[in-house]
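Notes to accompany the following structure.
The values are calculated or read from the model by the stated rules, or taken from the named source; none is laboratory data. Values in this document were obtained by computation on a predicted structure and should not be read as measured data. Neighbour counts are summed over all protein chains in view; Cβ atoms, including those assigned to glycine, are modelled from backbone coordinates with ideal geometry. What goes into the accessible areas is simple: the full protein's heavy atoms, side chains included, and nothing from ligands, DNA or RNA. Shrake-Rupley method; radii C 1.70, N 1.55, O 1.52, S 1.80 Å.
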Amino acid sequence: MARSLRAVVFAGGASERMGTDKALLRHPNGDSWLVTTVSLLRSVDLEVTVLSGHGSHRKCLAGQPGVTVQAEPWAPAGPLQAFGCVLSEREDEAWLTLPVDMPGLRRSTLLSLLQHWRRAEGLALVAEGGDRLQPLFGVYPCGANNRTALDQELAEGRGRWFGWLERIDYTTFLCPDQDLINANGPDDLAALMR
């Protein structure tokens with residue numbers, strides 16, 4: 001049986017290194033990074049949950065079909081803690097995860113990753129570019145094992161996504177480096193706009 005797949009966008013961070021809300025930065029296409037990310041995911045027919053406590057994000061996405069903005073029940077504590085709000089124990093579900101600050105991702109790369117994951121839906125699939133993993137762009141099956149591993153990582157007080165990966169089964173998917181550019185600060189943003 002094929003797993004049902006939905007998408008989650010991580011947009012709840014404080015954007016301290018950028019100095020302004022990354023989700024609302026203007027994308028080269030004219031929309032905000034948040035709207036562009038959500039539109040990309042909707043273009044491949046995924047229901048989208050945006051994890052963010054920012055009221056401006058809810059307002060920005062108001063009325064968009066297939067999109068839910070869910071506030072995290074605490075101050076931003078990192079993406080793994082946020083993901084814990086949606087990862088269930090159901091064996092028939094999975095989540096495509098994507099950070100809001102990866103504005104170079106192309107639809108063709110997204111489709112390729114999804115097609116690759118459908119061949120082995122029981123394993124998480126993590127994007128890889130060059131010589132490093134980009135774990136916030138991936139597909140993560142729900143289920144008791146993955147949920148338990150996430151809870152253990154959080155309970156030990158580390159809450160690191162890479163710590164969780166050490167506890168679950170996953171494979172990698174090689175993506176073009178330009179799709180995986182992760183803009184965290186003004187220098188990253190300037191390089192992206194060149």
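Using the Cβ-Cβ distance between Arg107 and Thr171 with R0 set to 25 Å, the FRET efficiency works out to roughly 0.70. Among the trypsin sites (Lys or Arg not before Pro) in segment 66-110, those placed in a DSSP loop whose Cβ has at most 13 other Cβ atoms within 10 Å are Arg106.
Only Cα pairs under 8 Å and at least 6 apart count here; give the relative contact order of the chain as a rounded whole percent. Write down the numbers at each step before the final one.
Numbers: 324 pairs, mean separation 47.8, N = 194.
Reported as a whole number, the value is 25 percent.
Relative to the longest principal axis of the Cα atoms of the chain, helix 144-155 runs at roughly 60 degrees.
Answer with one residue from Gln70, Val44, Leu80: the one whose Cα lies farthest towards the positive end of the charge dipole of the chain, charges on Cβ with Lys, Arg +1 and Asp, Glu -1. Result: Val44.
Rounded to the nearest 20, the Cβ-based charge dipole of segment 48-134 about its Cα centre (Lys and Arg +1, Asp and Glu -1) stands at 400 debye.
Can you give me the accessible area per residue for segment 80-146, using a 1.4 Å probe, in Å²? Walk me through the numbers before you get to the answer.
Working: 2460 Å² over 67 residues.
So segment 80-146 comes to 37 Å² accessible per residue, rounded to a whole number.
With the charge dipole of segment 63-166 set up from +1 on Lys and Arg Cβ and -1 on Asp and Glu Cβ about the Cα centre, the Cα lying farthest toward the positive end among the listed residues Met102, Thr148, Trp117 is that of Met102.
Around the Cα centre of the chain, unit charges on the Cβ atoms of Lys, Arg, Asp and Glu (plus for the first two, minus for the last two) sum to a dipole of about 440 debye. Computed over protein heavy atoms with a 1.4 Å probe, the carbon and sulfur contribution to the accessible area of the chain reaches 49%. Helix 33-42 and the long axis of the chain differ in direction by around 50°, with both axes built from C-alpha atoms.
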